1. List the residue ranges in the chain for DSSP H helices whose C-alpha atoms run 30 angstrom or more along the long axis and whose Kyte-Doolittle average is -0.5 or above.
2. Do me a favour and compute the ellipsoid semi-axes for the stretch 1-85 from its Cα gyration tensor, root of five times each eigenvalue, largest one first, whole Å.
3. Over the stretch 251-369, what is the relative contact order in whole percent, taking alpha-carbon pairs under 8 Å and six or more residues apart?
4. How big is the convex hull of the Cα atoms of the chain, per residue, in Å³?
5. Using Cα-Cα distances under 8 Å and only pairs 6 or more residues apart, what relative contact order does the stretch 159-291 have, in percent?
6. Would you mind calculating the gained length between TYR51 and THR20 on full extension (0.36 nm times residue separation, minus the Cα-Cα distance), in nm to one decimal?
7. Out of all DSSP beta bridges with both ends in the stretch 1-132, state the antiparallel percent to the nearest 5.
8. Return the calculated 222 nm mean residue ellipticity for the chain, to the nearest 500 deg cm²/dmol, obtained by summing -39500 (n - 2.57) across DSSP H runs with n ≥ 4 and dividing by the residue count.
Amino acid sequence: MNTSIQIGKIMGIPIKLHITFLLILPVFAFYFSVSPAPFGFNDVPLSIIRYALSLSAAISLFVCVLLHELGHSAVAKKHGSNIQSITLFLFGGVSAMEEIPRNPKVEFKMALAGPTVSFLIGVLLGITYLLTKPADISYTAYLFLDIGKNPYLRLVWLIGYINIILGIFNLLPAFPMDGGRVLRAWLAGRMSYIKATRTAAGIGKMFAIIMGIFGLFASLWFILIAFFIYIGASEEEKSTEVTVILEGVKIKDIMSKNVTPVSPGMSVEELVDIMFRYKHMGYPVVEDSELKGIVTFTDVQRVPKEERKKVRISEIMTKKLITLEEDDDAVNAIKLMTVNNIGRIVITKEKQIVGIVSRTDILRSVQLLE
């Protein structure tokens, strides 16, 4: 199931909305419509204006999150990293890049780019709001105490305020926030990259546990954010360890070489028998010595048992193939699997199938090498 939809491209980067974003957007809009000033518009008498302002605030919030991620992406592209996409989630945005720069100075710049964009937006909107200050009110009071009565000016103040908070929050020294990457970049200049990652991830997990405990007495939101931080720190640590351990390892060293091809005209029932016999979960589909696709156990599961005799492999196989050469680095395989959300890749040599590498093959190799 595809959980994200693409809405366009900026700087050549696909921009996607995750299903969680589509669910949370009306929740934020509702929150702004029922909250009192300065964080909401429930004092606006006309319903249509109140709801329009609330929806504008919710959309503006996520546009600012997108600009924050584009800040990271612009610096990453400048230093040669390829950005696969930017996806807006429940708790913000995520830039999917082929590889985090291993150079501490580059990662430091890239990590700070996002918060810098947020702070710039916040400061510019704050200055715009202050330009409307009445002569009889001090700047401090107008900015923090006597928030403007005009709801349109309050919208400007609110988005500016949220951006400042977003910038500060992202500088917390915990993965997957930008502050965690800044911390790793600083540590990586003083120790090995993998040790720096483990240290930064450990600090992130500790921070998440403290936030989760605080959330038990304060708000459910803190618990949700703590869970997000803990999982993000764990995933970053695991991903970095896999990448570092696999450096220098070729795909031909870890792939499964005994490949059993199947024909597109074969029934799904016959395929199940082959899976049971050979114990593999994915098979290349070949016709007249030409690779036509790949079929997996997941494809088989979608076919009801009573229909497996008459349904052919050609009807369920994946035709859009991702292949690698046997002399490619093993790290490339795990990157492609992660980016494309697939479990195995067909390996070729001079356009002939020589093996298959699965996620299980890679993880087993990582365990042995570690």
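Every read-out reported here was derived from the displayed coordinates using simple, explicitly stated rules and does not represent laboratory data. Note that the structure is a prediction, hence the values are computed from the model and not measured. Don't worry about glycine lacking a Cβ; one is built from the backbone with ideal geometry, like all the others, and counts go over all protein chains shown.
1. TM-like helix candidates: 47-78, 104-130, 193-217, 220-245.
2. Here the semi-axes work out to 32, 15, 9 Å.
3. In percent, rounded to a whole number, it is 30.
4. Once divided by residue count, the hull of the chain is 189 Å³.
5. Rounded, it is 17 percent for the stretch 159-291.
6. The span from TYR51 to THR20 would gain 9.0 nm if fully extended.
7. Approximately 80 percent, going by the DSSP bridge assignments.
8. Using -39500 (n - 2.57) per qualifying helix, the result is -18000 deg cm²/dmol.
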